[in-house]
Structures are given as structure tokens and as C-alpha cells.
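I have placed the structure first, in the form of C-alpha cells, so that the comments after it can refer back to it.
The values are calculated or read from the model by the stated rules, or taken from the named source; none is laboratory data. A quick note: this is a predicted structure, and the numbers were derived from the prediction, not measured. Because the Cβ atoms are built from the backbone with ideal geometry, glycine has one as well, and the counts that use them run over all protein chains shown. We work out accessible area using only protein heavy atoms, side chains counted, and drop any ligands, DNA or RNA first. Shrake-Rupley method; radii C 1.70, N 1.55, O 1.52, S 1.80 Å.
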Amino acid sequence: ELFKLTADERALIDRVLPSTRWVGTDPRADLAEREHLVLKPVNGHSGRGVVTGADVGESEWSAALASAASEPHVLQRRVHPRPEYLPGSDGQPQPFEVNWGVFLVGTEFSGAMIRAVPFGRHALTTTSVGALIGGCYVGP
């Protein structure tokens, strides 16, 4: 019963995680909602192969969707982050776009990871665009 969620837990997930669907599940919406979607390869990392619909035109988006048919891809609703203030290189608070990751061992919290880029500079928060990264392991 590790992954059985209560109604409250499902509601929380719906609130904090962007909606995600397989490419081709709704082909008309895949095209029509381009500006609100991000195309991601399932086996990707570091932003490789990610296409942000708002950053490309209709023809490039259509081509990206067509090429995505050759291997598993998902479409996620684009999230517009709020700035989080972290110390900058001068020690003063600076706005960053932050991506938080949590590590579990079984069902127990065991650590966290953070990736951050200066706010408003990149569509992705990955080390491939110079994100700062840090983490901690607290173990079970």
C-alpha cells in the first residue's frame, strides 16, 4: 500500500505538480495549447531535448511533436515560478528560480536537493544553463 493516496494527498498533488500527459493523448490540445506546454523526453536529463512551447513558433512545435513520436515523451503544463530570495555572490538577497527535489528511502524523508538560476533568465532550471546546485542527505 506504499502508493495508495488519500483524497487529501491526491488534492495536494493536483495543486503542486503540473498536469502531465503522454504526447499524442490529445493531439488537438498538443497543438492548440503550445504556449502553455513543455515537451520532455521521458528518459532525458539536464534539459536535453526539452522544448518550451512559448519559446518556439507553431511550425517548430509541430515538428518537435512529430519527432517525439519516435520515443516516449510527455507534455507538462508550464509553471511560472515565483522568485525565491537566496544570498547572491555579494551576500545580498537575490531573486532565483528554484527547483526543489526530495529524496525518500521507502516512505521516509532522507534528504533534499536544490537547483537555482537567477530569476527570469532561463526557461529551464538545470546545470546545463548554469544552475547552482546543492543538497543534503540525512539518511534513514
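Numbers for the structure displayed
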read-out	value
Number of positions in the stretch 24-43 that are open to solvent by less than 40 Å² (accessible area, probe 1.4 Å) and either under 17 Å from Thr125 (Cα atoms) or part of a loop (DSSP other than H, G, I, E, B) (or both)	4
Identity of the residue in the stretch 1-23, of a type in the set (A, V, I, L, M) and open to solvent by 90 Å² or more (accessible area, probe 1.4 Å), that ends up farthest from the chain's Cα centre (by Cα)	Leu2
The stretch 109-132 - residue that is modelled with pLDDT of 85 or more and open to solvent by 50 Å² or more (accessible area, probe 1.4 Å) and, of those, farthest from Val38 (Cα to Cα)	Phe109
Members of the stretch 61-98 that are farther than 24 Å from Gly130 by Cβ and exposed (fewer than 11 other Cβ atoms within 10 Å of the Cβ)	Ala66, Ala69, Ser70
Residue under evaluation Gly49, criteria (1) open to solvent by 40 Å² or more (accessible area, probe 1.4 Å); (2) touching a strand residue (DSSP E or B) at 6+ places or on another chain (Cβ under 6 Å); (3) in a strand (DSSP E or B), criterion not met	(3)
